[in-house]
Structures are given as C-alpha cells and as structure tokens.
1. Without any contact (Cβ under 8 Å) to a residue 24 or more places away in the chain and not in a helix (DSSP H, G or I), is that true of residue 259?
2. Select from segment 151-173 the residues that are over 22 Å from residue 99 (Cα atoms) and buried (at least 16 other Cβ atoms within 10 Å of the Cβ) and list them in ascending order.
3. Residues in segment 485-518 that are modelled with pLDDT under 70 and surrounded by 15 or more Cβ atoms within 10 Å (Cβ to Cβ): how many?
4. Sort out which residues of segment 533-589 are at pLDDT 85 or above, closer than 27 Å to residue 670 by Cβ and not in a helix (DSSP H, G or I), and write them in order of number.
5. Test residue 163 against the stated conditions and say whether it is under 25 Å from residue 257 (Cα atoms), in a loop (DSSP other than H, G, I, E, B), in contact with a strand residue (DSSP E or B) (Cβ under 7 Å, 6 or more places away or on another chain) and at pLDDT 85 or above.
6. Given 260, 226, which one is outside the structural domain of residue 368 (by TED's automatic domain parsing), closer than 21 Å to residue 127 by Cα and at pLDDT 75 or above?
7. Within segment 128-147, is even one residue in contact with a helix residue (DSSP H, G or I) (Cβ under 7 Å, 6 or more places away or on another chain), part of a loop (DSSP other than H, G, I, E, B) and modelled with pLDDT under 90?
8. Could you tell me whether any residue of segment 69-79 is closer than 30 Å to residue 498 by Cβ, touching a helix residue (DSSP H, G or I) at 6+ places or on another chain (Cβ under 9 Å) and either outside the structural domain of residue 366 (by TED's automatic domain parsing) or surrounded by fewer than 23 Cβ atoms within 10 Å (Cβ to Cβ) (or both)?
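The values are calculated or read from the model by the stated rules, or taken from the named source; none is laboratory data. All values reported here derive from a predicted model rather than from experimental measurement. Every residue, glycine as well, gets a Cβ built from its backbone with ideal geometry; the counts of neighbours run over all protein chains shown.
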C-alpha cells in the first residue's frame, strides 16, 4: 500500500487488516514497518505491507527511501510486492497522480483506490472514475475508507487472478532520453534489474533528491554510478536542469489526465475545513484552543482514570493477600508478594492514565488537528531554530520518546532532525506520569488531592520539560549544529470525523506494549531488586538494617554523597539506578524498598510509607521540597535504555546518545540542586 501522506492509507490498512497486523522496524533503520493480513473473497490470506507515506519516489527522508526501495526491489529483507495498492486523495487528484505516475513506470500490477470520494463531492468535484480507469488501464476503485464504503469492491479487485498492466506511456524529454537509455542498460546488465524497473529507476536517479540511502538497501553498481555522474557533469556544463526538465514533463502528462477526469461544479466557496481553520489557526484563538485541548487531556487523565485505577489497586492488593494466606512464610512468598506483585502492580495501576493519553493523541491525529498544532507552533519553533515539522515528533514524545524520535524521519534537514532527536526525551513522556503522580500524592497533604492541584503541578512539570527542550534546541542550533531555521512546507489535511475504531486500535496497541514491558522488563527488575534488597541476609538485623546492609543498600550508599545535595538519600538512589531501565520502574522500586521495611501486618500504602521515611537525624525524607526536587530531576534526566538504543540506531553512532546522557543527566543534577538548595535557603522544607 502506497500513497501521499494524509490520503487515508492507514485508515484503509486498518479497515482491511483489523487486529491481524504487526508493527516493527525495517532491519537496519528505525522506520516503522506495518504488516497485516486480509482475506480475499475466496478466503485466501493476503499479506499487506503499509509503506510510509510519500509524495514521490524521489526520496528526501529515510521513510520515503524505504518506500522507494521496497517498490524497486532494493531491500534484501523485503521481497518485491506482487501487487501495489496506490491510494489517491480524490480531493487533490492532480497532486496524487504524480506518485501514481511514477509507480506505473514500474510495470507492476497496480490497483488504484480513489479515496475520500465523499469529501470530493462536498468540494464540488465530479471525478469520472470510468474515464480515469480507461486512461490508466488499471482497476480504479472509488472508496470512503472512513465509512467502510468500497471495501467489498476492493477485496474483489485484490482477489483477481490477473490484473492488467497499465497502458502507460509518456514522452521523456529529448535532452534526457539518451541518459535514460544508457542508465537503463547498465541497470539491466550490472544490477540485474528488469527492463521496466531499470527504466523507472533510471528516471529516479536523475532527480536531485535520490541521494537518500538507508541501511538495508542494495547499493548501486559502480558502473551505473559512474554513468550517472558523467551525465550530470555534462549537463552542468551545458546549464541543463535535468531534474526540473523531468518533473515538468511528467506534470504535463498528469495535467492532461486530470483535465479529462476532474470536473469542477463552478466556483465554490470556502470548504468546511477552511471555515474551521479560520478559528483553529487564528493567532489568538488558535493558542487558546490548543491550551484548552491540553488542559482537557490532563483533567481527563486524573478524573476519568480514577475509577479503573482504584479497581486495579484493589485487585492487586487482594491478589497479594491471597498469596500470603495460601503460602507458608518464607523467601518465596516474599519474592512473589513484595517483589513480583508489588513491583508490577505498582506500575500497572497507571495503565488507565496512559491509555487516555494515547487516546487523545490518536484523536488529534485522526481528526487532522495535529497538523494544525504544528502550524500554530511554527512561529515559536522558528525562534529556537526549528520549524513546525519538529513539533509533531516533540508532541508524540509526550506519549513516548521512541515513536517521537522515529517521527523525526519526516524532517528533511539532517541538522534539524538531529537537534529534534537530542531534545525529544525532554518532553515528559507517559513513563514519567507514575513518578509525578506518586510525588504529587506525597507533596500534597490529605487523603485526596484536588484534581486542579494535580493538573496544575502536572502542567508545571510538562511546561518545564517543554521549555527545557526549546532552550536546548536554541543552544544546539547556535553552537554544535549551527544552521538557519528551515522554511516549513506542510499540507493541512481536511478535517475528518474521527474513526474511533482506528483510535482505539492505536490505543490498545500502545497499551499492550506497556503491559508487555510491565510483564517482562519491569517484572524482571522487580524480582532482581527484591533479591538485591533482601540479600545478603543478616539474621539479627531489623528490617531497616537489613535493607541498609543489602546489595541494593550498599549501591545506594555509594551514590548518596552525589545525590544528597539534591535532597535524596540512599533509598532514593536505588530508585534512580533502577529507573535507567525504564522511568516508571522508580515506582515499583520504591514499593520494593519500603515494603522491605514493613512487617507482615503493616498494610501502609506506599505514599504513607514514604511520608514516614526519615533521615538518620529523624527529619522527614520526603518533604514537599524533596518531592519537587525529585520531579524536576525526572523532567530532565535521561533514564531510559530503550530511548538510548533508538537514538544509537537513528544516528548510527554512539557519540550522540552518550552526549545525550551526559547533558541531560548533568542538567537534571544542576537544576535539582538549584531548586533544593535555593528552597532551603528561603526557608522551605
């Protein structure tokens, strides 16, 4: 499946495959690979690959390069597809035909899906589907993926044993034709390409943008590269703009088709999207709406999630009580209750809030508002040396830095992409939510924290991370990665009524990833932490002395001189060390650490156990100032091995992830030190 961004390709993919899809990465590059299974009208399984959206096969970024390389058979890890579904946006047919025009050059079986027919009709456009099918010579299926219309006809077309090849011919400019022929011959002889694929690839090699190569793609033969360079050098001497000549010639052919197929019903006024944009992208009202959406999201996280969180909490506690009543006292029982159940349960309780966060992000993407948010932010982003395209990866990083970093592949300029990668982890991700919530509960006295108090503190933490990201982006663009702020060219897709099935599918998919991590990584860490806090055994020691003399306690004591100026003791140090695996592990670590100090009958919740924790002189450990200092530390600290690994793969170097660890951890220590020491100097506790 191929198509322009915002053509409805992902919606159609979800409609065809449903839950029968897997998401991973192409080997050697952090470009997402979505593969699903659908069924023909005869019940035969069909494997569908959803390729990244692109406007052209002349790649400008790694994700576009993957689409090009799969279609050209360059990737050794992905076989050339048997058939190609090309999705076109009926509301902007001429622009979408450019990609289709290049795909038809390949000489492969193609099915054209004319999507968003309802929006085209609303815009006063009459698309002559039969005429388009006649002009192209391939099946053309009108479709409304959002409403499920046209899916039956599409499955029938996909089920056909034979699909006619396109009656596709266009005249290559005379000045370029000899080069195409020579490159085509070389690609056939030296690269083993079929004549049609070789011709299509020769046309792409003559565009300026075709220099993007990603890991996993088959390299070009040296002889072919030599021919390409010779022709380019010759044209430069003659003053021939070969890329523009090819593009203009292709658009001339496309314009002829579009004139035959698209009939406009006279002058039309502003569309529905135009009317909404007049308010949503307004210099004043746009910011107000964006702020209201963010506030609504955080209020929902605290109010709607409260009931399922209480439900999970009660059942986790009931499970622990059941195990205690069913097993004899001993290390195995403690391992299960204080290690596995307490550790994993302390993290799973935050699943409802994380699901709500992903629901909102999916909703913003499916309605088309996400692009408007980037447009609104462009002026602000330009002040720090970036543009609005960097805002979408940064906004995605609120959910998780990993997909946010992967989303930077749409940024064409390498320096801007690298700066965005370096600052993306500063956006407070969902893994920080459990830490913030635990600290807010300890910070505000009373059994129930007012919702608006939670929202206010949470917004302050998110704002701090956001301004930190912008600040470092400004610094990097003026020092390490100096460069002028790029211009932003971004399509604002038409607004859509959200397809809740797709939003829920996205939410469940991300929630399952979280649960899988809780059931594997966090479970393993919780068990290891229990062991480290329980051994070596000191038979005559109290619970507090046992923890202090354990392996975990010794590690915390080694770290304590470094973190004591921040208001943290050795117990918090254990949490800081463990949370390098995943930030939310801090909560389960605190559960394990403080449960180790409690006796069998003590059922004090983690919040109260932390409030009862003391320094050796008897003063409370978790004062309001300490809670704020710890939250500030987690705003800036780079504590996520998975993110470090993704940055390593994305930059293809250890230089940048190590730099990221250094500058973020150093900033976290300095800012927390300032907050804690300044607070003490002013008399706060």
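1. Numbers: without any contact (Cβ under 8 Å) to a residue 24 or more places away in the chain: yes; not in a helix (DSSP H, G or I): no.
When the stated conditions are applied, residue 259 does not pass them.
2. Taking segment 151-173 first, the residues over 22 Å from residue 99 (Cα atoms) are 151-153, 155-156, 159-162.
Within segment 151-173, 151, 155 meet the criteria.
3. If we filter segment 485-518 for residues that are modelled with pLDDT under 70, which is where we start, we get 485-490, 514, 517-518.
Now drop any that are not surrounded by 15 or more Cβ atoms within 10 Å (Cβ to Cβ), which leaves 485-486, 488, 490, 514, 517-518.
So the count comes out to 7.
4. 567, 568, 569
5. Values: under 25 Å from residue 257 (Cα atoms): yes; in a loop (DSSP other than H, G, I, E, B): yes; in contact with a strand residue (DSSP E or B) (Cβ under 7 Å, 6 or more places away or on another chain): yes; at pLDDT 85 or above: yes.
Yes; evaluated as a whole, the condition is true for this residue.
6. Numbers: 226 fails: closer than 21 Å to residue 127 by Cα.
Testing whether each residue is outside the structural domain of residue 368 (by TED's automatic domain parsing), closer than 21 Å to residue 127 by Cα and at pLDDT 75 or above leaves just 260.
7. So far as segment 128-147 goes, no, none of its residues is in contact with a helix residue (DSSP H, G or I) (Cβ under 7 Å, 6 or more places away or on another chain), part of a loop (DSSP other than H, G, I, E, B) and modelled with pLDDT under 90.
8. Filtering segment 69-79 down to residues closer than 30 Å to residue 498 by Cβ leaves 70.
Pick out the ones that are also touching a helix residue (DSSP H, G or I) at 6+ places or on another chain (Cβ under 9 Å) and you get none.
Scanning segment 69-79, I find no residue that is closer than 30 Å to residue 498 by Cβ, touching a helix residue (DSSP H, G or I) at 6+ places or on another chain (Cβ under 9 Å) and either outside the structural domain of residue 366 (by TED's automatic domain parsing) or surrounded by fewer than 23 Cβ atoms within 10 Å (Cβ to Cβ) (or both), so the answer is no.
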